[in-house]
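**Student:** Here it is, the structure, as structure tokens.
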Amino acid sequence: MMALEDLVVREEEGSKMEIDIKNKAENKLIFIVDSVDVSFLNALRRICTMEVPTITIEAVEIYKNNSTLFDEVLAHRLGLVPLISDLESTESILVPEECDCEDHCPRCSVSLVLKERGPKIVYSKDFSPTDPKIKPVYDTIPLLKLGEDEEVELEAIAQLGIGLEHAKWQPTTACAYRYYPLIKLDKSCEACGKCAEECPRGVLEFDEKKNKIKIVDLENCSMCKTCMSICEAGAIEVMPHEGKFIFRIETDGSLSPEEVLTSAGDILAGKSEKVVTFCKEGGS
Amino acid sequence: MIPVRCITCGKAISAYFDEYKKRTDNGENPKEVLDDLGLTRYCCRRMLIAHVEVW
Ligand code: SF4
Ligand code: SF4
Ligand SMILES: [Zn+2]
Ligand SMILES: [Zn+2]
């Protein structure tokens with residue numbers, strides 16, 4: 001047995017893993033990971049959705065609201081508005097559990113004030129944040145409608161939190177992975193072209209000149225296996241590529257996909273480190 | 001009022017509603033407007049398509 005003192009964190013162990021960016025757009029990232037297993041990737045995915053902190057409106061002090069929208073409905077709507085939560089903006093804000101105040105205080109929260117008079121539609125851009133960095137991601141979210149002589153005056157308290165507690169703190173809107181497809185064509189193929197005709201995703205193409213099937217868009221294959229069931233010769237086989245995945249992550253704009261993944265990696269590393277410390281020193 | 005987020009995936013679809021409404025009212029094809037706004041999932045698309053503003 002290896003002595004515990006010899007235990008070192010071996011960074012090179014993870015280096016077999018390869019990541020390739022496939023598609024990157026605003027708040028969206030699709031990448032291909034190779035040489036990795038489901039358990040690791042799923043841990044990462046779950047941390048991305050559930051444990052990466054963002055800042056969101058948690059309490060609303062309503063001073064005046066004579067609009068047709070009830071206070072609680074209005075407060076619920078406000079809670080769902082995504083706020084910019086990148087590290088630079090939230091660095092100085094404490095997590096509520098770590099703050100020694102009773103409810104909320106300036107150290108663990110920021111406030112956004114809303115004061116409007118109708119008739120108008122109040123949008124997320126109408127908030128006046130006390131911290132200019134913490135503001136709604138989108139300016140165009142309609143919050144409520146005010147009629148003639150209707151008024152709203154409130155203070156919204158935003159705090160850090162995680163998706164495990166409430167979905168409004170989830171930074172991701174879509175975060176999932178699927179197996180990378182592997183399509184095998186056998187010599188017994190009779191070049192009838194049926195599989196290419198039936199594929200719903202345009203993955204296969206029948207090359208008439210060479211009289212054979214070509215794979216033209218492998219990554220678009222959903223592994224529905226329609227091609228397999230249509231092939232009478234049993235010449236085509238679709239299966240998952242072991243250890244290779246297509247990972248898609250989209251965020252609500254509070255954080256960028258890269259920030260979510262970085263943060264998730266950090267959280268996972270923190271958990272692993274606790275285990276290492278425990279093994280070396282015992283207890284925490 | 002349109003829900004702030006898509007009830008299925010959580011995307012803040014309400015941010016796109018005004019533009020969607022304006023463009024479809026001007027006779028643009030809803031399919032093309034939705035594609036253009038980057039609302040690709042059908043859960044988000046139905047939020048805008050099915051919404052009726054009553055007051
Ligand atoms: S259906 Fe089967 S036999 Fe026909 S082209 Fe496809 S793989 Fe070949
Ligand atoms: S599994 Fe489905 S999507 Fe993939 S190649 Fe076959 S028919 Fe096309
Ligand atoms: Zn506090
Ligand atoms: Zn959706």
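**Student:** Given the structure, is A:ILE47 within 22 Å of the chain's Cα centre (by Cα), within 19 Å of A:GLN170 (Cα to Cα) and assigned to a strand (DSSP E or B)?
**Tutor:** Against the criterion (within 22 Å of the chain's Cα centre (by Cα), within 19 Å of A:GLN170 (Cα to Cα) and assigned to a strand (DSSP E or B)), A:ILE47 does not qualify.
**Student:** Also: Going through A:GLU190, A:GLU155, A:GLU250 one at a time, which residue ends up being within 14 Å of another protein chain (Cβ to nearest Cβ), more than 13 Å from ligand 2 (Cβ to nearest atom) and in contact (Cβ under 8 Å) with a residue 40 or more places away in the chain?
**Tutor:** Among A:GLU190, A:GLU155, A:GLU250, only A:GLU250 is within 14 Å of another protein chain (Cβ to nearest Cβ), more than 13 Å from ligand 2 (Cβ to nearest atom) and in contact (Cβ under 8 Å) with a residue 40 or more places away in the chain.
**Student:** Going by the conditions given, is A:GLU116 buried (at least 17 other Cβ atoms within 10 Å of the Cβ), touching a residue at least 12 places away in the same chain (Cβ under 8 Å) and of a type in the set (Asp, Glu)? Explain how you work it out, then say what you get.
**Tutor:** On the way: buried (at least 17 other Cβ atoms within 10 Å of the Cβ): yes; touching a residue at least 12 places away in the same chain (Cβ under 8 Å): yes; of a type in the set (Asp, Glu): yes.
Here the answer is yes, as A:GLU116 does meet what is asked.
**Student:** Taking region A:74-91 as the search range and keeping residues that are in a helix (DSSP H, G or I) and at pLDDT 95 or above, which one is nearest to A:ALA167 (Cα to Cα)?
**Tutor:** A:GLY79
**Student:** Are there any pairs, at least 6 apart or on different chains, whose C-beta atoms fall under 8 Å, with the first in region A:92-105 and more than 22 Å from A:GLY163 (Cβ to Cβ) and the second more than 6 Å from ligand 3 (Cβ to nearest atom) and in a loop (DSSP other than H, G, I, E, B), and if so, which?
**Tutor:** Hits for this filter: zero, empty list.
**Student:** Show me the helices (runs of 4 or more DSSP H) entirely contained within region A:194-284 in which 1 or more residues are under 19 Å from the mean Cα position of the chain (by Cα). Break it down into steps so the answer makes sense when it comes.
**Tutor:** Details: elements: A:194-198, A:226-230, A:257-281.
The qualifying helices (runs of 4 or more DSSP H) are A:257-281.
**Student:** Then there is this: Have a look at A:SER124, A:SER85, A:SER109 and point out the one that is farther than 23 Å from B:ALA15 by Cβ, small (Gly, Ala, Ser), touching a residue at least 24 places away in the same chain (Cβ under 8 Å) and buried (at least 17 other Cβ atoms within 10 Å of the Cβ).
**Tutor:** None of the others qualify; the one that does is A:SER109.
The values are calculated or read from the model by the stated rules, or taken from the named source; none is laboratory data. This structure is a prediction, so every number in the text was calculated from the model and none was measured. When we count neighbours, we look across all protein chains shown, and the Cβ atoms used for this are built from the backbone with ideal geometry, even at glycine.
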